[in-house]
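Heads up, the thing below is written out as C-alpha cells.
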Amino acid sequence: MIKDLSSGNPDDPGIQAAARMALAMVRDGGKVGLGSGRASTAFITALGARVKEGLRVHGVVTSARSEKLARELGIPLIELEEDVELDLIVDGADEVAPNLDLIKGWGGALVRERIVTCASRRQIILVGEAKLVQTLGERGRIPVEIIPLAKGYASRQLRVLGLRPTLRLNSDGTPIISDNRNLTLDCALLQPLRDGTAARRLETRILKIAGVVDTGMFLGTADQVLVGHKDGTVEALRRGK
C-alpha cells in the first residue's frame, strides 16, 4: 500500500494562512473550483464560513470527499456545463518545482482536478514548505490513472520508460478505485527528473500509452503557489518569478 502524501495538515497555521490568502481572491458572485486533499479542505472550510456570512459563490468539486464537505458547509455547487468557466481553482500539490511545475494525485483525484483546472482561468496552489523541491520526483512517485483493462499492458510499457509502477491498494490489499472507476499506478523514478524539459518529455511518453487516462504531472498550470510556513507566514510564488 502506498502511503498518502497528498498534503499537509489542514490545521497547520501556515496552511490556514494560505487558505485565507486564497479566499481573498474569490469575488462575490464568482465560480470556484474546489480541489481535493488536506490543504483544499482548509480552503473549503474557510470558504464555507464566508458563505454563511453572505458571500455568494458557486463551486465545482474535484472529488466525492470535497463534495461532501462543501455540501455540509452550505456551499452551492454547480455542474461543469459547456457554458461554465471558473474564475479560479484552489488546490494542493505533492511537489512544487522552482518553475511551479507540480506533482499531484496522491489523494487520488488527479483526473477531475485536471478537468476543473482546465476549466478555470487561474490555478492557485496551497502547500507547506515541505512540498518545495528542486526537481520533480524528489519526494515520491508519479501517479498514473489507468482504465482497469490496461493494468498489465500499461505497467509493462511504464517499465520500458524506466519507471517502477505499483498498483495503489487499500489497507486490505484490494485495489483503490478512483471516483472515475479507474485504477492508479504509482510510478517510482530511478532518479528525480533533471528539469522541466525532462518532465514534459516523460509526460508525453506516458500519455501515449493505451489505457492511460492522465498523469499527476501538472506542468505549467499553476499561476500562483502560496507556501504556508509553520509560523503562520505565507510566501507567494508566481509563475516566471
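The values are calculated or read from the model by the stated rules, or taken from the named source; none is laboratory data. As the structure is a prediction and not an experimental result, all values here were calculated from the model. Glycine also receives a Cβ, built like all others from the backbone with ideal geometry; neighbour counts cover every protein chain displayed.
For the reader, a short list of remarks on this structure follows.
For every residue, the table says whether it meets (1) assigned to a helix (DSSP H, G or I); (2) surrounded by fewer than 17 Cβ atoms within 10 Å (Cβ to Cβ).
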position	(1), (2)
D11	no, yes
A18	yes, no
M25	no, yes
A49	yes, yes
G54	no, yes
A70	yes, no
V84	no, yes
I89	no, no
P98	no, yes
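- Test: E113 is assigned to a loop (DSSP other than H, G, I, E, B), more than 15 Å from G30 (Cβ to Cβ), out of contact with any Pro (no Cβ under 6 Å at 6 or more places or on another chain) and not assigned by TED's automatic domain parsing to the domain that holds I177: no
- Selection count, region 196-241, where residues are under 17 Å from K104 (Cα atoms), of a type in the set (A, V, I, L, M, F, W, C) and part of a strand (DSSP E or B): 7
- T184 vs. criteria in contact with a Cys (Cβ under 9 Å, 6 or more places away or on another chain) and either small (G, A, S) or surrounded by 15 or more Cβ atoms within 10 Å (Cβ to Cβ) (or both): no
- Residues of region 220-241 that turn out to be under 14 Å from the mean Cα position of the chain (by Cα) and either of a type in the set (S, T, N, Q) or farther than 28 Å from D11 by Cα (or both), as a count: 3
- Hits in region 116-132 - residues which are in contact with a strand residue (DSSP E or B) (Cβ under 9 Å, 6 or more places away or on another chain) and not in a strand (DSSP E or B): V116, T117, A119, R121, R122, E129, K131
- Flag for L132 being touching a residue at least 24 places away in the same chain (Cβ under 8 Å), of a type in the set (A, V, I, L, M), closer than 20 Å to L102 by Cβ and touching a Gly at 6+ places or on another chain (Cβ under 9 Å): no
- Of the residues making up region 206-215, those that are surrounded by 14 or more Cβ atoms within 10 Å (Cβ to Cβ) and either over 18 Å from the mean Cα position of the chain (by Cα) or of a type in the set (A, V, I, L, M) (or both) are I206, I209, G211, V212, V213.
- Residue list for region 36-45, filter: among the aliphatic types (A, V, I, L, M) and within 16 Å of R71 (Cβ to Cβ): I44
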